[in-house]
Amino acid sequence: MDMFPESAPQESEERLVREAMAEAAEGAPPLPDLVPVALAVGRARRARARAAIGGGMVGVVALGVFGAMLPSWGTASPVSARPTTGAPAPTSLHAGPRRAPVHIQPTPGESSMADLPAAERKRQEEFQQQAAAVLNELLPAAFGTVRPVDLAVSRYQGSSGDHVFPVVFSVRPTGGLAQEPPCQDVPAAKYQCERVNLMDGMTAHAITSTGISKGGKEVVGVSVSFVFKDSTVVLSADGDDSAAVSAPVTADQLLRVARDERFLRLVRYAEASPMEPRQESAHGG
Amino acid sequence: MTADGSRDSTRFEQFARAYQRRLYRTAYLLCGDAESARDLTQTTLAKLFQYWHRAGKADNPAAYARTVLTRTYLAERRRRLRDFLAHSHVDAPPPSVGPELTVTLLTALAELPPRARAMVVLRYWEDLDVRTVAELLRCSESTVKSQCSRSLATLRTRLGDPCLYATRT
């Protein structure tokens, strides 16, 4: 049943808002020609994207070494780690079944893993398989099966019943500019940040944020972020917005994931052989 | 630069020059101030050029550009929140000058969450139907309707009696 039909009583309100927006937009200050700068910035973005892909190719070579370092993810425990002598064949990196990636069609302005050169794409897909298996083991069972999302190496998705929980696992180089941002609560935005000890003097931010879904219900998402060498690591789990269900994990549970050696091995590899573009300041909005 | 690259740039320039003002107006309603709107429009055009091989072949490059603009706006708002810059930007700066209705509208829009603000702008400024807005923002049509309904109620409270402005238009 349609709970919010756009009924006649709204018409006058809509008309007022349309007229007010037209008046405001027409009254916007003059705009200089943005095209020359857009061309220059666009060319620079293209060049950076190509450079990132080129850099990633180096990591393909490292994949064999990475594979040798990894335990059998599907059944992994520190005890069950396979011997690390000799580089395994790519197929042997997966102890468990291959997880079919979730396909999301890239939308305007978005690139996808399908845009990558074949070798780099293969490397990132392999990494996603490893990461999905580790996340599947370490996240609470309520996440259901964790699968890679084919839009970006940092995107994953847990699904349990009718609920879908987006997960982000990102290791993003900062070009030596990695800095821990301030950690402050923002009560107005229902945003809580706690600075906690991750391990060995490393600190992390454990963040809980609440959004409003349809029907006015609150949907809670959590994330943990920390600086690892020259990269920023983010592990976040969001709720199912359309079903108004919060992420079935607490910040403490997410921290336990981040402290797990299996997770940290993935972080070390991704830091040493970056797969994401360098973090930069974005303007606009 | 190759001949193809040159044609690519020329086609992009033609499109961008024809459409930048429209994008800027939408950005102005989303951001609430001219400086942020210019930055957002600039970023959108740069992204468009980066992916022009795809955007230029779209059935409707203008719709493509609008989608890039909206998603860039929302991504930037999320990034700001995550970077804890949000506390100084949750309340957008009030417009410094302008007709009363514009000031009131932009102030009221600033009180909406970014996603709800985007829905209202797309629905009532860009005049997109509910389905298109839902697709653009990757949510259900009922979410768009409910958010717009709530936002309209908020805006109506701020804007007051429509009759007060009736003589202006």
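The values are calculated or read from the model by the stated rules, or taken from the named source; none is laboratory data. Since the model is a prediction, treat every value here as computed from it, not as a measurement. Because the Cβ atoms are built from the backbone with ideal geometry, glycine has one as well, and the counts that use them run over all protein chains shown. For the accessible areas, the whole protein counts, side chains as well, though only heavy atoms, and no ligand, DNA or RNA atoms are used. Shrake-Rupley method; radii C 1.70, N 1.55, O 1.52, S 1.80 Å.
Could you state how much accessible area A:E125 has, in square angstrom rounded to the nearest 10, with a 1.4 Å probe and all protein chains kept in place?
Looks like 60 Å² after rounding.
Say R0 is 41 Å: what FRET efficiency, to the nearest 0.05, do A:R98 and B:T157 get from their beta-carbon distance?
After rounding, the FRET efficiency stands at 0.15.
Taking a label point 7 Å from the Cα of A:A142 along the Cα→Cβ vector, which residues of region A:233-251 have an amide N closer than 15 Å to it?
A:237-241, A:243-251
Calculate the spin-label point distance for B:R7 paired with A:Q253, positioning each point 7 Å from the Cα along the beta-carbon direction, and give it in nanometres.
According to this spin-label approximation, the distance is 5.6 nm.
Please give, to one decimal in nm, the separation of the simple spin-label points placed at A:S12 and B:D127, each 7 Å out from Cα toward the Cβ.
Taking the two extended label points, one gets 2.3 nm.
Want the number for B:R17 to B:V103: 0.36 nm per residue separation, take away the alpha-carbon distance, what's left?
Stretched out fully, the B:R17 to B:V103 stretch lengthens by 28.1 nm.
What accessible area, summed over both chains, is buried at the B-A interface (1.4 Å probe, Å², nearest 100)?
When B and A are taken together, about 6300 Å² of accessible area is lost.
In the full protein assembly as shown, how much of B:C31 is accessible to a 1.4 Å probe, in Å² to the nearest 10?
Approximately 0 Å² for this residue.
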